[in-house]
Amino acid sequence: MDNAVSASTAGSSGQDVAAGAGKARLHAALRLTARLRNHPTVRLVRDALRRDPEDRWAGVFGRIAGYSFAVAVVTGVLLLPFFRPSMATVVYHGSYRLLDGVPMSRAYRSVLAASFDVRGGLLVRQVHHWSADVFVAAICLRPLTAFFRGRFSGRALPEWLIWVALLLLGMLAAYTGTILPDDGLSGGSLSVITGVLLSVPVIGTHLVFWIFGGAPPGHQIIGRDYWVHILVLPALTGALLLASFRPSLRWPRRVRLDPLLPFTCAVLVLLGAIAQINPVWLVGPYQPGSISAGAVPDWYMAFLDGPLRIMPGSELSIGGHPLALDVLIPGLIVPALFLTCLAVYPLVDRRITGGRPRRIHRNPRASPPGGAASRRPVRTGGRPAPDRPARAGRWERTASISPGSWCADRHHLLVPRPVRRPLDSEDACDASLTCSF
């Protein structure tokens, strides 16, 4: 009897200890959550998201693109005095001993000198390259958020077209910058562009000779690309960024620093300091026979490099003139169709939805059934949901399929979490189950 009592007492005390430990862990988790919530970094991100309440993430990516472009301009200006845009052949005698005595262009030698002989030159070079990559990434994400929120037609159409044009200009600006060092990778990029331009029917050969100033690669392409990279493309990109900026009609009482500005600059400097990018000294100067199959461009040109690699060989002869379809289709036709579809999609969406005026919603789940075709609600049976006016007093159950709820309820798609929404009297008897994307 005493043994049973002692055993029960020990069990109850063990349960109390376990309950106390659980409460202690819960309090510790709550304290950690409170500290994280009040952390300066979390407050910085929260203030940045609240700056544009109409479309938070679109505004965030747009401002990151603008700040990355500003960092690229500043670092590019710092690099200007040390770069020599010349393809004249010289012999290298500098700090990088592995290339000592190797013939190379003056452009490539100036890049090596800026990287190894100028204090902080390598850091500035890498920050410049990272800012270009982040700029293109932010430009890609900005229209993507606008697309899934339906903010691309009506009053938002000019801004959509601006960001589509910025996507093309951003890739061209970054791509022309990678050509300037005249290393093995930039020479390979020039060879790819030369092949793509030569595949253009009728005018391809004349276009290549006009761009290169003669037979490629020639001795003028680096100088011409230099002025396009530092003047023409930055001017056009800056003008479009200013055109996309929507200032407030009311003058603010106090001018506050956007928290995303120091955050973006700090991230770019950190990437330039710890993440190596575009190590031109490892590749060596451009020599047509030294380009390896593993040489790849930056990530934003993957849509051009990948199809060129996997496209099977195909060639036609029209009137005695060869037509290289294996280069023309993936190198020109596919990118042109992609950008054209991006530009005209708002018009196609307006035609699909019948041209009905609609409000621009902050959240795609707040869109009525007459929303954009890209997020048009459908019934679970595959039949489009009818556009009926909502009336108070009746309710239906709906399932909002978002990335979070999809992961949580992927095994219970037919039994979604009910959300109340007004339903007209016609469906009062049989409440339908709809999925809103």
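The values are calculated or read from the model by the stated rules, or taken from the named source; none is laboratory data. Everything numeric in this text was worked out from a predicted model, so none of it was measured. For neighbour counting, all protein chains shown are included, and Cβ atoms are generated from backbone atoms with ideal geometry for every residue, glycine included.
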Next on the checklist: Tell me the residue from VAL208, VAL192, VAL196, VAL164 that is under 23 Å from the mean Cα position of the chain (by Cα) and not in a loop (DSSP other than H, G, I, E, B), please.
Outcome noted: VAL164
Checklist entry - Identify, please: which residue in segment 174-189 is part of a loop (DSSP other than H, G, I, E, B) and under 26 Å from the mean Cα position of the chain (by Cα) and is, among those, surrounded by the fewest Cβ atoms within 10 Å (Cβ to Cβ)? => result LEU180
Checklist entry - Just one of THR194, THR178 is closer than 29 Å to CYS341 by Cβ, of a type in the set (Ser, Thr, Tyr), out of contact with any Lys or Arg (no Cβ under 9 Å at 6 or more places or on another chain) and without any contact (Cβ under 8 Å) to a residue 60 or more places away in the chain; which is it? => result THR194
Checklist outcome for this item: Among the residues of segment 47-88, the number that are of a type in the set (Gly, Ala, Ser), touching a Lys or Arg at 6+ places or on another chain (Cβ under 7 Å) and modelled with pLDDT under 85 is 2
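If the requirement is being surrounded by fewer than 21 Cβ atoms within 10 Å (Cβ to Cβ) and at positive phi, which of these qualifies: GLY101, GLY121, GLY76?
From the options GLY101, GLY121, GLY76, the qualifying one is GLY101.
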Checklist entry - Of the residues that make up segment 245-258, is at least one modelled with pLDDT of 85 or more and either outside the structural domain of LEU169 (by TED's automatic domain parsing) or not hydroxyl-bearing (Ser, Thr, Tyr) (or both)? => result no
